[in-house]
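Quick notes on the structure that follows.
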Amino acid sequence: MPKIVDAVARRQDVVDAVFRIIASDGLERASLREVAEEANLAVGSVRHYFASSDDLLVHSFAVVIDRIVGRLEDAFSTVESVEPGTTEHDHAVLTLLGQFLPLDEELAVDACVWMAFRQAARIKPVLAEEAGRSHRAVAAVVGRLVMRLMPDGGTSQERLVTEAERLLATMDGLCMHALLQPEWMTAEGCGDVLQAHLATLGRLPTNR
């Protein structure tokens, strides 16, 4: 009796291969042929699930966005469940922001893949729609967090937008720094920078 192939699982195997290639060698190497070899499949098998390299890359970008945003939303639910100004709340906020950063192997792969796709979207129009979705989804979570952290929700809409953009820029910088210099920008170092930044919003103390 022929073996039944789980199409969803097989597509995920291919995406996992894309992620491994990007994390080790960069987005440029993620061709159908290279991905098929990494996934131990024939090129024809990969084409059965993805019509082209562009189709595969767009789907892979969507997967990493959904994965990161899903973790952010789960972490934000935890932030909302605890009392602001408490140690538990401070910890929940730092845990949420840690979902952006390469603090363990899984987060590191996702962060590397996410950054690679975002950068590639600048010159690959096929990735632009997902890049826009990524920015909107992440900015929405960060905006809600800033509203929660600023005393009385902030003084104006303009201030809220500025502080959300400042936090987004901090997270992007930390993510890139930790990916490129992991021996220097450690998890502890990331935490120190985040605490110092969040202290300017009037909630978390500068020192642990």
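The values are calculated or read from the model by the stated rules, or taken from the named source; none is laboratory data. All of these numbers come straight from a predicted model, not from anything done at the bench. Glycine gets a Cβ as well: all are built from the backbone with ideal geometry, and neighbour counts include every protein chain shown.
Miscellaneous remarks
- Test: residue in the stretch 134-148 that is farther than 17 Å from Gly70 by Cβ, part of a loop (DSSP other than H, G, I, E, B), in contact (Cβ under 8 Å) with a residue 12 or more places away in the chain and not small (Gly, Ala, Ser): no
- Annotation: Leu194 fulfils all but one of (1) closer than 21 Å to Arg67 by Cα; (2) crowded, with 20+ Cβ neighbours inside 10 Å; the unmet one is (1).
- Residues that are in contact (Cβ under 8 Å) with a residue 60 or more places away in the chain, assigned to a helix (DSSP H, G or I) and farther than 20 Å from Glu130 by Cβ occur at least once in the stretch 65-78.
- Any hit, the stretch 26-44, residues being of a type in the set (S, T, N, Q) and outside the structural domain of Met115 (by TED's automatic domain parsing): yes
- Residue within the stretch 151-166 that is touching a Phe, Trp or Tyr at 6+ places or on another chain (Cβ under 6 Å), in the same structural domain as Val79 (by TED's automatic domain parsing) and under 24 Å from Leu103 (Cβ atoms) present: no
- Residue count, the stretch 30-64 (criterion: assigned to a helix (DSSP H, G or I) and small (Gly, Ala, Ser)): 6
Yes/no matrix, rows are residues, columns are (1) in contact (Cβ under 8 Å) with a residue 12 or more places away in the chain; (2) assigned to a helix (DSSP H, G or I); (3) over 12 Å from the mean Cα position of the chain (by Cα); (4) on the phi > 0 side of the Ramachandran plot:
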{"position": "Glu88", "(1), (2), (3), (4)": "no, yes, yes, no"}
{"position": "Val109", "(1), (2), (3), (4)": "yes, yes, no, no"}
{"position": "Met115", "(1), (2), (3), (4)": "yes, yes, no, no"}
{"position": "Arg118", "(1), (2), (3), (4)": "yes, yes, no, no"}
{"position": "Glu130", "(1), (2), (3), (4)": "yes, yes, yes, no"}
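- With respect to the stated conditions, Leu96 fails to be in a loop (DSSP other than H, G, I, E, B), assigned by TED's automatic domain parsing to the domain that holds Pro182 and of a type in the set (A, V, I, L, M).
- Of all residues in the stretch 179-191 being touching a residue at least 12 places away in the same chain (Cβ under 8 Å) and part of a helix (DSSP H, G or I), the one that is surrounded by the fewest Cβ atoms within 10 Å (Cβ to Cβ): Ala187
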